[in-house]
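The values are calculated or read from the model by the stated rules, or taken from the named source; none is laboratory data. Computed from a predicted model, the values in this text were never measured in an experiment. Backbone-built Cβ (ideal geometry, glycine too); neighbour counts: all protein chains shown. Remember, those area values only see protein heavy atoms, side chains included, never the ligands or the DNA or RNA. Shrake-Rupley method; radii C 1.70, N 1.55, O 1.52, S 1.80 Å.
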Amino acid sequence: MNPRWVKNAHWFGLIFIVGFMSFYSETETFSQQSPRAQAVLGFGFLLLSGYLMGELTRRVKLPALTGYLGAGILFGPQLGGLISGDQMIVELTRIDELALTFIALTVGGELHLKELRRRAWGIVANVSFLLLITIPGITLGLGWVCQGPMGATGMRSMEIWMMAALLGVLSIGPSPATAIALMRETRAKGPFTELVLGVTVCLDVLVVILFAIALSLAGSLLDPETGLNALFLLGLAIELGVSLVLGGIAGYALGKNVDRLHGELAVVILIFCVFISQAAHALSGMVETQLGVHFQLEPVLICMAAGMVIQNATSSGPRFMEEMERISIPIYIVFFAILGVRIDLHALMDTWPIALGFVALRLFLLWVSGRVGGRISKEPASACNWLGSSLVTQAGVSVGLSLLIGVRFPGWGSAPVTLALAVIGLNQVVGPILLKLALDRSGETVRRSGVGEKLEAIRKLNQEA
Amino acid sequence: MRILLSLILILALAFLGHRWPSQLGEGPHKRIARFFGQGVGLIAIGIALGPLGLNLIDQEILSVLTPLKVLTLAWVGLLFGLQFDRAVMGPGPPKRLIGLFLLEGLGSGWVTALFCLPWIMGVIGGGDGIRENGSVGWLPVIGGLYFTISALAGCSSYYESSDAEIRRATRKWPLRPFFHYAAAGDQLVALLLLWAVAAFGTPTGGAGGGWVWISLPLFLGVAAGFLIALLSSRRVGRQDRLTIAMGGVLLVSGVAMNMNLPVLLVSTIAGIVIANASPGSSKLSEELLPAERPLFLVMLLLIGTSWRPGQWGIALGLALTYTVGRVLAKFGFAWITGSRIGHRPSELGMGLLFQGAFALAVLIDSSWFLHPEWADTVSTALLLGILMSDALGAASFTRLSGQWLASEGMMPPDENATSIQEEAAL
């Protein structure tokens, strides 16, 4: 094949599939098809276009994740319209759930308890300062802005402060999925990477707990008749505990059988992820019907616990992770491209000045927290400087939690939801870039440590040959 | 929820079907394990799970699982097409042999279909619905069916024994490459005939669209193949290759599903283009190959679950006619071909009887073209025909290879005889 064609293969490929989809999605045949048939085509299109966009963004030294997200935003319903139609997106979301559990399993598998124990103090100190500085900082800043210069019309003062507090809690929620995908992409390894992963996972669990507490508190403060529901908090603790235990058992069972599986391990991992996600929903539903209480097992937490047990309590951790890595790229592409499809650009357009301010303030507070926490836990200077930037990413969990505000407070809840979606959308775009920069600057990525350059040089020599 | 659990059930069964025969194949549960791993066993399990059995997988779930079936066809087609790499085929059979294999596949298919013609004209063609309401007219529908049966009957596969020891021993069998080429030729003929079916238009697609339906698979297959070839021509890692291959397979499946095109054909064309345009095609095959068998097993289960018997009497009659006609046609053409290339016609005929999973894939792919009025009956007849041919083919193939193994002293004649009986029984 012509070397010039091969060199520009990404461009040719992207132009070809986008051109084809643009033409075909306008035809009568396409509009007459079932959403399922459209979803298969959409899935294939997202996979290829995401991959190609990822390769193109990599050329300009940006993370491939930005390309995957970009494909979703560009070709999604709000811009290009090549992936559109509610039914088609619902069909694609089914795959999204599988991807999320898969990524959670990977995150768990990356948590080496031995290393974490060594870094325990650093993680605890950083998490503590992130909570102590970021949540109050965002609450005060947002409350002040909404009370004064950019007053939120139609909201009582108490409601504004509650909104600010809820968004403050939400702002500490990072995205472990993005972190792990980027660490895999850059092959980052080292103390800073472990610190970032440890802090990210801790915050991911903490944000769920703290948000539930804040939501309950806000409810009782705004409506004193409701009162603080202690049972609700107990229920939450039970849900988290049961999720972790079930994850541990499932992970142990899978880990003990990994060596018996050969070529089929990848298929088994995918079946495992679907099974966990469905079994969690089924069990939750069963408990609700039988006992009449709200009960929600977290598939993501179960998978995280399972991955951690496989890595730390069985001997098959390395082989398991190797297989996970082999099949991870298509899953990451689909997950982030669908995330891009679902970014609410209208919300961003409506609230962009305050959203930009929120993002900037959050970034500043994260940076300050990282510096203070890092200094106290005696991390190297580069870690102190870059820890905050590596926690900017936000994704699925934050979106889910923000939507709960609207459900819990139907009156004024829509305003914070719109703002939160806009901020999360911005963080999804900015976060991976900053995280890659942080990992590069810490000197723990393959490229930075010199191996990348060597590999690149060998590749170029091979191409010339 | 139910849908995903059904999907898990199907994947888990396919996985067990993949693992058990090799694990239990040599133990005391040999017979059960082999039965489970064979096509008939999985189709039977599919029927038991489907609407005709326990209804664990109902019509709604089946419609959701359709993409999986299409994906399997695309996967199989791509892998099949990837075999036709000119560079690899160079030292293969001489051109004369290729011509003979193509002639054999085409001829035996046509003769078998000719045997079935009385059934097609007399019983199926007599349906008032087709005469009066057929959207593409009576002749194209009958012609389409004739070509479909030809495509299926011409198709043959190389039989791999489920006994690991026999499989290992027959790797050095001199006839092995010969039968492999013959099967590849027959399968290619089957796809070409299926393509010709498109010329008659789909029963619901309207008349006059023949040339469009012929050119679309070619265009899409070439375009998708060229795209995948272009992307995999660069030096890419394993993960990238898997992503490109999966993306390509999904894109091809999606387009073919949307346009009601034969997926197997489109993806085979794509595979042939990749094999000849991309230097990394062999690595692409390596990435796709491990999933082929599990996907085949899923397809067999889905054939069982979505099976509707139609009119039993007609189906059984047509299936018997198909099998007898096919045996006679294969032996007849083996006699013509064998005498020209210095092979014993009986050997050649025995080796070409087995149809295998590829024929089932062709059957699924051709179901797009069957008229809804008699689609169930014809599908049942052809399914039974393929299964009967497989039983005959497996037995004759095992006997043939067994004779060689015995002559080479690799297996005592008694043990050989037992194996043959067991294989034939299954």
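Efficiency by 1/(1 + (r/R0)^6): what FRET value for A:Val124 and A:Leu404, r their Cβ-Cβ distance, R0 = 35 Å, to the nearest 0.05?
0.80
Based on the Cα gyration tensor of the range A:271-330, what are the three equivalent ellipsoid semi-axes, each the root of five times an eigenvalue, rounded to whole Å and given largest first?
29, 13, 8
I'd like the accessible area for A:Arg58, computed on protein heavy atoms only with a 1.4 Å probe and all protein chains in place. Round to 10 Å², please.
Accessible area, nearest 10 Å²: 100 Å².
Give me the accessible area of A:Leu283, 1.4 Å probe, in Å² rounded to the nearest 10.
Roll a 1.4 Å probe over it and A:Leu283 shows about 70 Å².
Lys and Arg at +1, Asp and Glu at -1: add these up for the other residues within a Cβ distance under 12 Å of B:Gly77 and post the number.
-2
Using the structure shown, select from A:Lys256/B:Lys283; A:Lys189/A:Lys378; B:Lys69/B:Lys172 the pairs with a Cα to Cα distance greater than 26 angstrom.
A:Lys256/B:Lys283; B:Lys69/B:Lys172
How many nm is it between the label spots at B:Ile214 and A:Leu140, if each spot is 7 Å from the Cα in line with the beta carbon?
About 8.0 nm, to one decimal.
Per residue, how much accessible area does chain A have with a 1.4 Å probe, in Å²?
43 Å²
Sorted by accessible area (1.4 Å probe), largest first, how do B:Glu287, A:Glu325 line up?
Largest accessible area first, the residues go A:Glu325, B:Glu287.
Output the residues of the range A:37-52 meeting this criterion: accessible area (heavy atoms, 1.4 Å probe) in the chain alone minus accessible area with all protein chains in place is 50 Å² or greater.
With the partner chains in place, the range A:37-52 has these residues losing at least 50 Å²: A:Val40, A:Leu41, A:Leu47, A:Leu48, A:Tyr51.
Below 8 Å between Cα atoms, with a sequence gap of 6+, how large is the relative contact order for the range A:103-464 in percent?
Relative contact order for the range A:103-464 comes out at 27 percent.
How much of the accessible area of the range A:259-343, in percent, comes from carbon and sulfur atoms when a 1.4 Å probe is used?
Carbon and sulfur atoms account for 62 percent of the accessible area of the range A:259-343.
List the relative contact order of the range A:252-374 as a percent without decimals, with contacts defined as Cα pairs under 8 Å and 6+ residues apart.
So the answer I get is 28 percent.
When Lys and Arg each count +1 and Asp and Glu each count -1, what net charge do the other residues less than 9 Å away from B:Ser232, Cβ to Cβ, add up to?
Residues close to B:Ser232 contribute a combined charge of +2.
Please list A:Leu82, B:Leu392 from largest to smallest accessible area, probe radius 1.4 Å, with all protein chains kept in place.
From most exposed to least exposed: B:Leu392, A:Leu82.
As a test question: what accessible area, to the nearest 10 Å², does A:Met158 have when a 1.4 Å probe is rolled over all protein chains in place?
Accessible surface of A:Met158 is approximately 80 Å².
Give me the extension gain from A:Thr289 to A:Ile238: residue separation times 0.36 nm, minus the current Cα-Cα distance, reported in nm with one decimal.
Between A:Thr289 and A:Ile238, full extension yields 16.6 nm more.
Which stretch or stretches of the range B:244-259 have amide N atoms under 18 Å from the point lying 7 Å from A:Phe23's Cα along the Cα→Cβ direction?
B:251-259
If one takes the accessible area of chain B alone plus chain A alone and subtracts that of the pair, with a 1.4 Å probe, what total in Å², rounded to the nearest 100, results?
4200 Å²
Want the number for A:Gln147 to A:Ile376: 0.36 nm per residue separation, take away the alpha-carbon distance, what's left?
79.0 nm
Where in chain A are the DSSP H helices whose C-alpha atoms run 30 Å or more along the long axis and whose mean Kyte hydropathy is at least -0.5?
Counting only whole DSSP H runs, the qualifying helices are A:35-59, A:86-109, A:191-222, A:230-257, A:265-291, A:345-376, A:414-441.
So if we plug the beta-carbon distance of A:Ser84 and A:Ala282 into 1/(1 + (r/R0)^6) with R0 = 30 Å, what FRET efficiency do we get, rounded to 0.05?
Between A:Ser84 and A:Ala282 the formula returns 0.40.
Put B:Trp173, A:Trp386, A:Trp11 in order of accessible area, largest first, 1.4 Å probe: what do you get?
A:Trp11, A:Trp386, B:Trp173
So for the pair B:Val324, B:Val222, with labels modelled 7 Å out along Cα→Cβ, what separation do we get in nm?
Each label point is offset 7 Å from its Cα along the Cβ direction, giving 4.5 nm.
How large is Rg/Rh for the range A:308-420, to two decimals, with Cα atoms and a Kirkwood Rh?
So for the range A:308-420, dividing Rg by the Kirkwood Rh gives 1.08.
Set the Förster radius R0 to 51 Å, insert the Cβ-Cβ distance between A:Val368 and A:Leu113 as r into 1/(1 + (r/R0)^6), and round the FRET efficiency to 0.05.
0.95
If you average the sequence gap of Cα pairs under 8 Å that are 6 or more apart and divide by the length of the range A:8-95, what percent do you get for the contact order?
28 percent
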